[in-house]
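Working notes, beginning with the structure itself.
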Number of protein chains: 2
Amino acid sequence: MKIGVFGTGVVGQTLAEKLESLGHEVVMGTRDVQQSLTRADKDSFGRPPLKDWLAQHSAVKLATHAEAAAHGALLVNATNGMGTLDALKLAGEKNLNGKVLLDISNPLDFSKGMPPTLFVCNTDSLAEQIQRTYPQLKVVKSLNTLNAYLMVAPRMLSEDHSIFLSGNDTDAKNEVRGILRSFGWKDSEMIDLGDITTARGTEQLLPIWVRLWGALQNPMFNFKIVMEPAPKA
Amino acid sequence: MKIGVFGTGVVGQTLAEKLESLGHEVVMGTRDVQQSLTRADKDSFGRPPLKDWLAQHSAVKLATHAEAAAHGALLVNATNGMGTLDALKLAGEKNLNGKVLLDISNPLDFSKGMPPTLFVCNTDSLAEQIQRTYPQLKVVKSLNTLNAYLMVAPRMLSEDHSIFLSGNDTDAKNEVRGILRSFGWKDSEMIDLGDITTARGTEQLLPIWVRLWGALQNPMFNFKIVMEPAPKA
């Protein structure tokens, strides 16, 4: 399948690599290709520059957001939340309309120091802002509640854990379920919270996520919903 | 131990009943004792009027917030979040100072319809508001992330699950740990998130909690943090 991934950070790289390994044709979108390739420094997580990563993942193409959007039959938003709406504007409405967008972004604002706050929450969410801006895009919020490595390799934890889905379109959610399944998620781990407004719930998990990371000194954890009988939603 | 419980709703009743059954002397605080005893209707959950509940739990005394606060060596805030600061004002600073307050309240605002929004979040929390208003009260936020019945009977779920603690005072948190242990919580299930500002994390779990309740059609669930090795914080 042709997939466009917006964002070249750790989430974008991890998703692109996994999707490519599953046989998809992946184009990764960025604001300015030349500038992205010029960067020579390691990022704040100590990861190598993008050009080195691309050299090791030559099947993944780097292009503009518009080219990635035009390429993809399925789109993945792995941009920094602060830059999401700008990136989608560059992608272009005509390249987005009618497609499914798996939205992994979070409205984290690091500008006021750590831990980050949310620049939209409570009565709105970033996922809803995207859906309102592009009414013909089928936004499905998922995977935004855990570390990138666990998103694509949930079986790294031996126990079951939970992954949430929010979105207005049932077929689009089913398409995302298929992607999650291909990453190793079990159907019994997927919880459909309802329409896109339920993304307020998962985006507001981030404040405890960042504090758990601090308390546990380990980002490789996830939330599991424990219930008897086990959740089926 | 002498314990004052603020609030006479389902959370207050459930906590008071459990604490009384464990041998504590419990006084339940309310704004207006006579008015609380006069109510004859079932509440919105179909629970019997308070006077019937008190008739069945005669060891629990009903009194004003001030009397409950003066009575308790340990205090429990089980009021509706909207009424918390008013209730504590009625309790009186001199009755609060130096004591531990287990704060179970959540800043839920039902005035704009369902699902509720939060009247404080993101850059502040209700727990912090309480702590700022009463600097000599030792506020420990806990138990606010699950159904009242599960708070006092965590072993109703056969699997382990997680309970969070936030507060500035280590001794106060240890006192709350003791109460949690007496309810059946395991030490391995308790996660100390850090100081009272981390209550922003647990209070912001409520938006997904209410949506999970809707999606699962069952309030008897809880969050479990899954990690390898298991969390120790």
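The values are calculated or read from the model by the stated rules, or taken from the named source; none is laboratory data. This one's a predicted model, so the numbers in the text were calculated from it and none came from an experiment. Please note: Cβ atoms are built from the backbone with ideal geometry, for glycine as well, and neighbour counts cover all protein chains shown.
Structure above, values below:
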{"read-out": "Pick from region A:124-136, criterion surrounded by fewer than 24 Cβ atoms within 10 Å (Cβ to Cβ) and in contact with a Lys or Arg (Cβ under 8 Å, 6 or more places away or on another chain), ranking: nearest to the other protein chains (Cβ to nearest Cβ)", "value": "A:Asp124"}
{"read-out": "Residue that is modelled with the lowest pLDDT [pool: residues in region A:30-44 that are touching a Leu at 6+ places or on another chain (Cβ under 8 Å) and not polar (S, T, N, Q)]", "value": "A:Arg39"}
{"read-out": "Only one of B:Lys186, B:Lys173, B:Lys224 that is at pLDDT 95 or above, more than 7 Å from chain A (Cβ to nearest Cβ) and surrounded by 17 or more Cβ atoms within 10 Å (Cβ to Cβ)", "value": "B:Lys173"}
{"read-out": "A:Lys112 within 14 Å of another protein chain (Cβ to nearest Cβ) and either at pLDDT below 95 or assigned to a helix (DSSP H, G or I) (or both)", "value": "yes"}
{"read-out": "Criterion: at the interface with chain B (Cβ under 7 Å from one of its Cβ atoms), on the phi < 0 side of the Ramachandran plot and in contact with a strand residue (DSSP E or B) (Cβ under 6 Å, 6 or more places away or on another chain) - qualifying residue of A:Leu193, A:Leu212, A:Leu205", "value": "A:Leu193"}
{"read-out": "Hey, B:Asn106 part of a loop (DSSP other than H, G, I, E, B), under 17 Å from the mean Cα position of the chain (by Cα) and closer than 21 Å to A:Arg211 by Cα or not", "value": "yes"}
{"read-out": "Residues that are hydroxyl-bearing (Ser, Thr, Tyr) and either modelled with pLDDT under 95 or in contact with a strand residue (DSSP E or B) (Cβ under 6 Å, 6 or more places away or on another chain) (or both), drawn from region B:116-141", "value": "B:Thr117, B:Thr123"}
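Listed here are the residues, each with its yes/no results for (1) in contact with a His (Cβ under 8 Å, 6 or more places away or on another chain); (2) among the β-branched types (Val, Ile, Thr).
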| site | (1), (2) |
| --- | --- |
| A:Leu62 | no, no |
| A:Gly83 | no, no |
| A:Ala91 | yes, no |
| A:Lys94 | no, no |
| A:Val100 | no, yes |
| A:Pro107 | no, no |
| A:Pro116 | no, no |
